[in-house]
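Asker: Right, I'll just put the structure down here and ask away after.
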Amino acid sequence: MTPTHRTAGLDDHLGAAGRADGDVRDDAPDLGPEGDVRDDGLDADADADVDAGNGFGAGASGDGPDGLDGRNGPDDLDGEPDHEAEPHTGFLTEAARWLRGLLGPEDTVTAAVRRVLDVGSGPGAASCALARAFPRAQVVAVDRSPAHLARAGARAAARGLAGRLVTRRAERPEEFGRLGPADLIWTGNVCRHLGDQQAALRSLARALRPGGLLAVAERGLPPRFLPRDIGMGRPGLQARLDAALEEHYADRRAALPGATSVVEDWPCLLASAGLVPAGTRTFLVELPAPLGEATRRHLHTRLARLLDEIGERLDLVDRLTVERLLDGDACTSILWRPDAFYLTAVTVHTARLCRPRTG
């Protein structure tokens, strides 16, 4: 249905100069982190801005489906419908199983893990994955958005987990330490949206029981979903979108209350919070073309919010190209293109509290 040759219209409107400027070539080899999950995510239960991800404060559009303050990931999207979680369902299921293995032998972990926190739960995709992985634990979905907490409760009820999941609202990072005690805390793409990331980790660590595990999903590799040359505009659109988004994120981060610059060495930051690093793993989320409907809708929502947030940073050619990708009635739309795919990597860092806290 979608033409694979170069389409007319945008180039005709802008003239030949629009194509000549900046033909970006990205010939870097693909990276293949461990945890290659091939899961179209249309019938699974897990998941924000990670993707893989959450966001407690201001964000920019993009990775991860969950988020305090209605945002979901390094590139975070507000108020996302449930299909926003779909591309990451396989990753969250796999990550929850990995965390279960880190906590100890299978026959003892399910009994030992009694309370799990999902801080920055968004609509509860990760919460449900954790509830399935730890069937005897109470899971607490924590978010600052009442609407997201309501959706988390509804998601759990639809999956037969209503008696296992409770919700709690948190407005500020200093409240993290009052959420415990917990045997496991999951937080995705939250710390990056807080002014003082180290202080946020210390607050989260205070909610752990002795022996408890903190899992922090942060960054990884940004999503890829378009070929270098998509047949309209200038080749290399996705690379330029990523660059503009990174600048937008840096500006937003610098404006956060109490913004503190730190080297984002997450194992080191976790150790500085009084924890012992327990392992890091990167999960590959790979959905090859042709994509299913839910993932296409996710990408359409993502592009619309990207255009809203970083459109002023793009030149006219790129803005018009994104608009054509958003035109749902056109064969050039992301909703119809047969070459659209979804590829990203989410890195999860873990650390354990190995001694009782003294204060």
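The values are calculated or read from the model by the stated rules, or taken from the named source; none is laboratory data. Every value quoted in this text rests on a predicted model; they were computed, and no experiment measured them. All Cβ positions, even for glycine, are placed from backbone atoms using ideal geometry, and neighbour counts span all protein chains on display. Accessible surface is based on the protein model in full, side chains and every heavy atom, while ligands, DNA and RNA are left aside. Shrake-Rupley method; radii C 1.70, N 1.55, O 1.52, S 1.80 Å.
Asker: Which of the following residues is among the aromatic types (Phe, Trp, Tyr), touching a strand residue (DSSP E or B) at 6+ places or on another chain (Cβ under 8 Å) and either modelled with pLDDT under 95 or closer than 26 Å to ARG100 by Cα (or both): PHE225, PHE176?
Answerer: None of the others qualify; the one that does is PHE176.
Asker: A further question follows. Could you say which residue among ALA207, ALA182, ALA131, ALA141 is open to solvent by less than 30 Å² (accessible area, probe 1.4 Å), touching a Ser or Thr at 6+ places or on another chain (Cβ under 8 Å) and closer than 23 Å to ARG100 by Cβ?
Answerer: The match here is ALA141.
Asker: Quick check on ARG202: is it touching a Lys or Arg at 6+ places or on another chain (Cβ under 9 Å) and of a type in the set (Lys, Arg)?
Answerer: On the way: touching a Lys or Arg at 6+ places or on another chain (Cβ under 9 Å): no; of a type in the set (Lys, Arg): yes.
Answer is no for this residue.
Asker: Going through segment 323-359 one residue at a time, which ones are part of a loop (DSSP other than H, G, I, E, B), modelled with pLDDT of 95 or more and within 30 Å of TRP186 (Cα to Cα)?
Answerer: Residues satisfying the conditions are PHE341, LEU353.
Asker: A further question follows. When both residues are 6+ apart or on different chains and their Cβ atoms are under 6 Å apart, which pairs have a first residue that lies in segment 266-291 and is farther than 16 Å from GLN197 by Cβ, and a second that is of a type in the set (Ser, Thr, Tyr) and open to solvent by less than 50 Å² (accessible area, probe 1.4 Å)?
Answerer: ALA278/THR350; GLY279/THR350; THR282/THR347; VAL285/THR344; LEU287/THR295; LEU287/TYR342
Asker: Something else: Out of all the residues in segment 179-200, which are aliphatic (A, V, I, L, M) and outside any helix (DSSP H, G or I)?
Answerer: In the first step, residues of segment 179-200 are kept if they are aliphatic (A, V, I, L, M); the result is 179, 182, 184-185, 190, 194, 199-200.
Matches in segment 179-200: LEU179, ALA182, LEU184, ILE185, VAL190, LEU194.
Asker: Would you check which residues across segment 222-258 are over 17 Å from TYR342 (Cα atoms) and among the small types (Gly, Ala, Ser) and list them?
Answerer: Of everything in segment 222-258, those that are over 17 Å from TYR342 (Cα atoms) and among the small types (Gly, Ala, Ser) turn out to be GLY231, GLY233, ALA243, ALA244, ALA250, ALA254, ALA255, GLY258.
Asker: When you look at ARG100, is it modelled with pLDDT of 60 or more, touching a Pro at 6+ places or on another chain (Cβ under 8 Å), under 15 Å from ILE185 (Cα atoms) and surrounded by fewer than 24 Cβ atoms within 10 Å (Cβ to Cβ), yes or no?
Answerer: Values: modelled with pLDDT of 60 or more: yes; touching a Pro at 6+ places or on another chain (Cβ under 8 Å): no; under 15 Å from ILE185 (Cα atoms): yes; surrounded by fewer than 24 Cβ atoms within 10 Å (Cβ to Cβ): yes.
Considered against the rule, which asks whether it is modelled with pLDDT of 60 or more, touching a Pro at 6+ places or on another chain (Cβ under 8 Å), under 15 Å from ILE185 (Cα atoms) and surrounded by fewer than 24 Cβ atoms within 10 Å (Cβ to Cβ), ARG100 comes out as no.
Asker: Another question about this same structure. Name, by its number, the condition in (1) touching a strand residue (DSSP E or B) at 6+ places or on another chain (Cβ under 8 Å); (2) open to solvent by 60 Å² or more (accessible area, probe 1.4 Å) that does not hold for VAL263.
Answerer: Just one mismatch for VAL263, condition (1).
Asker: Let me ask something additional. Please specify each residue of segment 185-195 satisfying the condition of being buried (at least 21 other Cβ atoms within 10 Å of the Cβ) and not aromatic (Phe, Trp, Tyr). Give the derivation first.
Answerer: The first filter runs over segment 185-195 and keeps only residues buried (at least 21 other Cβ atoms within 10 Å of the Cβ), leaving 185-194.
Selection gives ILE185, THR187, GLY188, ASN189, VAL190, CYS191, ARG192, HIS193, LEU194.
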